[in-house]
Structures are given as C-alpha cells and as structure tokens.
C-alpha cells in the first residue's frame, strides 16, 4: 500500500544518516495509523498510541545522537 505520506526530520547536517530513525517513524505510522480500521489516508493522525510511540522514539533518538526533539 502506497500511503504517499512523507515524514521530515529537521536536524543538523553533522548528525549523520537518519535513515534508521525515518524507518522507525514509518513503522510507528504503519502500526498505529494504517492498521487502524477507522483511519483513512486523507485524515489527520489522531491516535494517542501513535503520539506516545513517536515521542518516545524521538526522545530516544535525541538522547543517543544529540538531536533536539523539542
């Protein structure tokens, strides 16, 4: 399924590759939005579990690589 959604991470160019982080963000999107029978592609993502897992992932990425996740 091609959702045509794009995720962007704004980071310092010295942070290095962010492919793993973007892949994890997409996994969270797939798990908590795409697999939700009440979600359609045109809708904003409104799911507490999505928000919680995304924040946790970004916080962990920020701690391990110095990213500012504020």
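Assorted remarks:
- Residues in region 3-15 that are modelled with pLDDT under 80 and loosely packed, with under 11 Cβ neighbours inside 10 Å were compared, and the one that is farthest from residue 62 (Cα to Cα) is 4.
- Residue in region 16-29 that is modelled with pLDDT of 85 or more, out of contact with any helix residue (DSSP H, G or I) (no Cβ under 9 Å at 6 or more places or on another chain) and part of a loop (DSSP other than H, G, I, E, B) present: no
- Any hit, region 55-63, residues being modelled with pLDDT of 90 or more, in contact with a helix residue (DSSP H, G or I) (Cβ under 8 Å, 6 or more places away or on another chain) and within 16 Å of residue 6 (Cα to Cα): no
- Of residues in region 2-15 being more than 15 Å from residue 64 (Cβ to Cβ) and assigned to a loop (DSSP other than H, G, I, E, B), the one nearest to the chain's Cα centre (by Cα): 7
- For region 46-66, a residue qualifies if it is outside any helix (DSSP H, G or I) and touching a residue at least 12 places away in the same chain (Cβ under 8 Å), and the qualifying residues are 47, 66.
- Enumeration of residues in region 30-45 that are assigned to a loop (DSSP other than H, G, I, E, B) and surrounded by 10 or more Cβ atoms within 10 Å (Cβ to Cβ): 36, 39, 41, 43, 45
The values are calculated or read from the model by the stated rules, or taken from the named source; none is laboratory data. As the structure is a prediction and not an experimental result, all values here were calculated from the model. No Cβ is skipped: glycine too gets one built from the backbone with ideal geometry, and neighbour counts run over all protein chains shown.
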